[in-house]
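One structure is given below, encoded as structure tokens.
The values are calculated or read from the model by the stated rules, or taken from the named source; none is laboratory data. Bear in mind that the values here come from a model prediction, so they are computed numbers and not experimental data. Don't worry about glycine lacking a Cβ; one is built from the backbone with ideal geometry, like all the others, and counts go over all protein chains shown. Please note that ligands, DNA and RNA were not included when accessible areas were found on the heavy atoms of the full protein model with its side chains. Shrake-Rupley method; radii C 1.70, N 1.55, O 1.52, S 1.80 Å.
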Amino acid sequence: MKAIVLEEPRAGAVAYRTDVEKPRPGRGEVLIRVSAVAICGTDRHIYDWDPSMRDLITPPLIPGHEFCGEVAEIGPNCPARIAVGDFVSAEMHVVCGVCKQCQTGQGHVCANTLIYGIQRPGAFAEFVKVPATNIIPLDRDRIPVRIAAFLDALGNAVHTAFKVDFAGRHVAITGFGPIGAMAAAIAHHCGAGRITITDVGAFALEQAREWAHEMARGTRNSGIPIDVLDTGSDQREESIWHILQQGGADVVWEMSGAPGAINDALRMTTAGGHIVLLGLPRNREITLDYYKSDLIFRGLTLHGIIGRKMYDTWYRMLALLGAGLSVDHVVGLEIPLSEFSRGMETFRAGRCMKVVLYPDKE
Ligand SMILES: [Zn+2]
Ligand SMILES: [Zn+2]
């Protein structure tokens, strides 16, 4: 089969191959013919062979964990609800099911998690096999393939957004990458009182302004004020001052993982407010500039977010999409899987939010 393979433990050692052996589903496993698969920030970390990835991955590996497809084959001992031809996605965090976290409904923080596309073969391929327990059936008529390709990432945004009640509240989003952009759409769709988006990159700021403009037009205008602010070095103080003039944010969704943005988040949150942290820093340490005055004395609450709640986040996300939540604005490039390298370069250059790849197109 066709697949993208990380062949060696070094940056850029990724090849498009057509001679990879097709996986065979074992007990309790389902084989899926991949319709579409999306590039995620994690894939970029793998591609760049970042230090954060080196302990987790043993090449050769087929990466890719955001995808949708059709059930092609069903291994023995799978539940009857899954049938060949079903349109599905899958939760690629595979948890142990027997630890304390798993048994108390906290499977998303299971210490024994195996991530398909990182520790097991992933979906940058014609076929991928996953445990039947992790299959998410999708309604073909309600969710287009190009969106179903990155429900994993949308799930991150949904999980982050609903950690703290935000209806009628001032939501600030630090980082308008794909997940930040989807989180903004959730804030808008689900009735935030005010939305502030911050970023330091020209492309992200332009995308955010375009989206805010779109939301202010015609039937989509819900009257929710949306500010897009540059927190790059010369604009930083003014932007934070502006947010504090609005009373500060009740809740900040930190999507960037950038140390500067995390410190900005501490400053822009109103006293007693919440910061929900999803963005992953590139390095191990983070320095908080004013730990005492920004965080302790102002009584902030920090929440770390990983993955999606199994499977509450999935059900909520599918319901929101069914009820008109639109995340079309994050799809930047749609190309055949064979052009993976071009897709990754475009993504790395920051010229595109989501790249969606199609294994069956040439
Ligand atoms: Zn991802
Ligand atoms: Zn577990």
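Could you tell me whether residue 30 is in contact (Cβ under 8 Å) with a residue 60 or more places away in the chain, in contact with a Pro (Cβ under 9 Å, 6 or more places away or on another chain), surrounded by 14 or more Cβ atoms within 10 Å (Cβ to Cβ) and not in a loop (DSSP other than H, G, I, E, B)?
Yes: the conditions hold for residue 30.
Condition (residue is within 16 Å of ligand 1 (Cβ to nearest atom) and not in a helix (DSSP H, G or I)) applied to the stretch 189-204: is it met by at least one residue?
no
Tell me which residues, restricted to the stretch 242-267, are under 18 Å from residue 158 (Cα atoms) and surrounded by 24 or more Cβ atoms within 10 Å (Cβ to Cβ).
The answer is 251, 252, 253, 254, 255, 256.
Give me the residue from the stretch 59-76 that is without any contact (Cβ under 8 Å) to a residue 60 or more places away in the chain and not hydrophobic (A, V, I, L, M, F, W, C) and, out of that set, nearest to ligand 2 (Cβ to nearest atom).
The qualifying residue nearest to ligand 2 (Cβ to nearest atom) is 75.
Just a yes or no: is a residue in the stretch 104-120 near ligand 2 (Cβ under 10 Å from one of its atoms), in contact with a Cys (Cβ under 7 Å, 6 or more places away or on another chain) and among the β-branched types (Val, Ile, Thr)?
No.
Residues of the stretch 94-144 being within 16 Å of ligand 1 (Cβ to nearest atom), crowded, with 19+ Cβ neighbours inside 10 Å and assigned to a loop (DSSP other than H, G, I, E, B), which ones?
Of everything in the stretch 94-144, those that are within 16 Å of ligand 1 (Cβ to nearest atom), crowded, with 19+ Cβ neighbours inside 10 Å and assigned to a loop (DSSP other than H, G, I, E, B) turn out to be 113, 117, 118, 121, 122, 123, 124.
Table: residues versus (1) touching a Cys at 6+ places or on another chain (Cβ under 7 Å); (2) within 16 Å of ligand 1 (Cβ to nearest atom); (3) farther than 15 Å from residue 132 by Cα; (4) of a type in the set (Asp, Glu).
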residue: 10; (1), (2), (3), (4): no, no, yes, no
residue: 28; (1), (2), (3), (4): yes, no, no, no
residue: 34; (1), (2), (3), (4): no, yes, yes, no
residue: 41; (1), (2), (3), (4): no, yes, yes, no
residue: 55; (1), (2), (3), (4): no, no, yes, yes
residue: 58; (1), (2), (3), (4): no, no, yes, no
residue: 63; (1), (2), (3), (4): no, yes, yes, no
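Can you pull out the residues in the stretch 337-362 that are over 17 Å from residue 65 (Cα atoms) and either assigned to a strand (DSSP E or B) or in contact with a Pro (Cβ under 6 Å, 6 or more places away or on another chain) (or both)?
361, 362
Is there a residue being basic (Lys, Arg), under 16 Å from the mean Cα position of the chain (by Cα) and open to solvent by less than 40 Å² (accessible area, probe 1.4 Å) anywhere in the stretch 311-330?
Scanning the stretch 311-330, I find no residue that is basic (Lys, Arg), under 16 Å from the mean Cα position of the chain (by Cα) and open to solvent by less than 40 Å² (accessible area, probe 1.4 Å), so the answer is no.
Within the stretch 234-267, can you find the residues that are assigned to a loop (DSSP other than H, G, I, E, B) and touching a residue at least 24 places away in the same chain (Cβ under 8 Å)?
246, 247, 248, 255, 256, 257, 258
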